[in-house]
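Right, one structure below, let's go through it.
The values are calculated or read from the model by the stated rules, or taken from the named source; none is laboratory data. Because the structure is a prediction, the values reported are computed rather than measured. In case anyone asks, the SASA skips ligands and DNA or RNA and just uses the protein heavy atoms, side chains included. Shrake-Rupley method; radii C 1.70, N 1.55, O 1.52, S 1.80 Å.
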Amino acid sequence: PASDPDVGRLATGPAPSARERRRSAVRRASADASGRSRRGGNPHVLVIVQNLPVPLDRRVWMESKALVAAGFDVSVICPRGDKDGVPDSRFEELEGVRIHRYAPPRPATGTFSYVWEFAYCWLRTAGLSARIYARRRFHVIQACNPPDTYFALARMYRPLGVRFVFDHHDLCPELFESRDLSKPPSKALMVALRLLERGTYRTA
């Protein structure tokens, strides 16, 4: 990289000797090791997804594996699914990805049931995130939508230095408009959805 001191010296002066290159490499290795020890290991990313379990959600699963391949520790919070009628385990580690699952709510059918679903999943996710953080601090929250509610959880962790990445899968106001074209959603619901979307953008 251009910021490497040896690269800068090559561009402006004589090439460093082999001894200087070895000393520079040792200094960089020591700095990297001390940084990792202060962080407690590799940077830890917490991925949150609500609408599908992992690894069934292929997009989230591929993103999580890519993060692991890039040297990150990855934990995922998602609802439990089932395979041939057998519920997924509450915790599972697959290909280096630690998956924490909670019992899903009943399928939503109307505005009030959607509100209940959002609140239930948010609270279960908040509880699991606190448990994960207590065991192994995470440095980034990556929240996948829908819904656009997890920015509030990210703001709770922001004073602890946790960053927030918004993994934008769907346009939530438009998604709800498309659910039943014969009966558009209420204006109050659309206002609430746009406020949540705005809060998510501002937090990310």
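What does the accessible area per residue of segment 118-157 come to in Å², with a 1.4 Å probe and no ligands, DNA or RNA counted? Provide the component values of the computation, followed by the final result.
Values: 1610 Å² over 40 residues.
Heavy-atom accessible area per residue stands at 40 Å².
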(message) When a/c reaches 1.5 or more, the comparison of a/b and b/c decides; with that in mind, is segment 70-204 rounded, prolate or oblate per its Cα gyration tensor?
(response) oblate
(request) For segment 76-153, with all protein chains present and a 1.4 Å probe, just round the carbon and sulfur fraction of the accessible area to a whole percent. (result) 59 percent
(request) From zero up to wherever the largest Cα-Cα distance of segment 57-135 sits, split into 5 Å bins and tell me the percent of pairs in each. (result) 3, 13, 20, 22, 21, 13, 6, 2, 0
